[in-house]
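Worksheet: the structure to be examined is printed underneath.
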Amino acid sequence: MRKGRGQSGFEMISRREFVTIPFAVAAGMSLRWRDDCSDFTMPNDTPNSRQLYPGVYQVESLFGGRNLFQYLFVGDNIVLLDTGLAYTPEHTIFPAMKKLGLEPQRLNLAITSHADGDHQGGNDAIKHAVPTAWLACGDADRAMVEDPRTLWEQRYNFLKQDYGVGIDPEPSPDVGKPRQMDLTFAGGERIRIQRDWDLELLHVPGHSHGHLALLDRKQKVAFAGDAIHGQGCPRADGAMALPVTYYYVDAYLSTLRLFENLPIETLYSGHWPTLRGAEIRDFIAVSRQTVQTFDQVILTQLAAHPRGVGMQELIDAIGNAFSDWPKDTLVFAMFAVKGHLDRLVEYGKAREIRDSRPFKWVPA
Ligand SMILES: [Zn+2]
């Protein structure tokens, strides 16, 4: 979407709304800090955040019954991992910071782990409220993180025309407004939180091309965003909410292997429960088993339909194999189904028939 005069005007109105809230009066204050307040003690928890270990907080809210987590890293610099939905900064992140005694204006950097509405939606709100904070995302996700319409068309509805599956045509306002990134990461960079504390950026593709995770090597902790899917995304009450939504299968498998070999004892993510020790290995094993089940179901369907099988039939078959996935969210299996078919075509095990829409696949 191009920025027109009307849209700029709309942005100005939003900004005035933001600058009426009290913390914004601190705009322009120095972002170098803490040298003079090292004896300041922050509370451990607030109603919408909890301390994971000194200087690190999990900020929590609910989205469609699922947990939606952001992470705050607090030292000489303050870094936020993920910005939630359009309203998450104002409703959840900033209130959590204020209750911890942190003026939101002290936020230096907000990293979007990957291109998805529930992880990037708050970017515009962050930048409006804290113009000095830098926004960042994975290099390969940049176009989709910067523009909700691009996200909608290239990530959520890119299968609609050819395969007949997709979601609402218009971007939801919940996924935020267009907002440019200040920098992008490709993995391997380090962010200094304070003198003796670095976070390492990991490139963990599969769910998206540019997906990032953070590694705190000293504490043996990783923050994985939505890089690992297990057998689907759970609701906060433990029931299944969504199918797995990885797309690039071989990249996803390499990401699983990367996490398997990381020197970590604790794994935090965007929606899944905290995993420790052997639970991490088990979660990765279940994730890999899910990939194998997808291949088996799709190959079985191909063999049963020598004249061609379509996306909807394959989604239904996958839904039978994973019976705890709710029927009303089953459409989100389309990403992994398409990813597996791309891979089967690449490996010479399937062929796409493009005579008429929706396109179908046959065994090769
Ligand atoms: Zn997510």
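Observations on the model:
- Rounded percent of accessible protein surface that carbon and sulfur make up, the chain, 1.4 Å probe: 51
- For Thr266, the accessible area of its heavy atoms, probed at 1.4 Å with every protein chain present, is near 20 square angstrom.
- In the chain, the inverse of the mean reciprocal separation of distinct Cα atoms equals 21.4 Å; this is its Kirkwood hydrodynamic radius.
- Counting only lysines at least 8 places from Lys338 when in the same chain, those with an alpha carbon closer than 26 Å to its own are Lys160, Lys327, Lys349, Lys360.
- Centroid-to-centroid separation of segment 126-191 and segment 247-295 [C-alpha atoms, Å]: 24
- Solvent accessible area, Å² - Ser356, 1.4 Å probe, full protein context: 80
- Under 5 Å, built H, 5+ apart or other chain: amide partners of Ala350: Val345, Ala364
- Residue pairs, from the table Lys127/Lys220; Lys99/Lys127; Lys177/Lys220, whose Cα atoms sit over 28 Å apart: Lys127/Lys220; Lys177/Lys220
- Considering helices alone, the calculated mean residue ellipticity of the chain at 222 nm is -8500 deg cm²/dmol, with DSSP H runs of length four and up weighted by -39500 (n - 2.57) and normalised per residue.
- Counting only heavy atoms of the protein chains and using a 1.4 Å probe, Tyr87 has close to 80 Å² of accessible surface.
- By the compact-protein rule of thumb, 2.2 N^0.38 Å, the alpha-carbon radius of gyration of segment 178-258 corresponds to a ratio of 1.25.
- At an R0 of 30 angstrom, the distance between the Cβ atoms of Gln292 and Ala236 translates into a FRET efficiency of 0.60.
- Potential extension, Tyr87-Thr132 segment - 0.36 nm per residue separation minus Cα distance: 14.3 nm
- This model, with +1 at the C-beta of Lys and Arg and -1 at the C-beta of Asp and Glu, gives segment 99-140 a dipole about its Cα centre of some 240 debye.
- Selected from Pro263, Pro243, Pro104 as most flexible by GNM, with the chain as the system and alpha-carbon contacts under 10 Å: Pro263
- Net length gained if the chain between His305 and Arg217 were fully extended (0.36 nm per residue, minus Cα distance): 26.7 nm
- Taking Trp361, Trp134 and ordering them by how much accessible surface each has at a 1.4 Å probe, largest first, produces Trp134, Trp361.
- Mean accessible surface per residue for segment 233-364, computed with a 1.4 Å probe while every protein chain stays in place, in Å²: 47
The values are calculated or read from the model by the stated rules, or taken from the named source; none is laboratory data. Being a predicted model, the structure only gives us computed values, none of them experimental. All Cβ positions, even for glycine, are placed from backbone atoms using ideal geometry, and neighbour counts span all protein chains on display. Heavy atoms of the whole protein, side chains included, go into the accessibility calculation; ligands, DNA and RNA do not. Shrake-Rupley method; radii C 1.70, N 1.55, O 1.52, S 1.80 Å.
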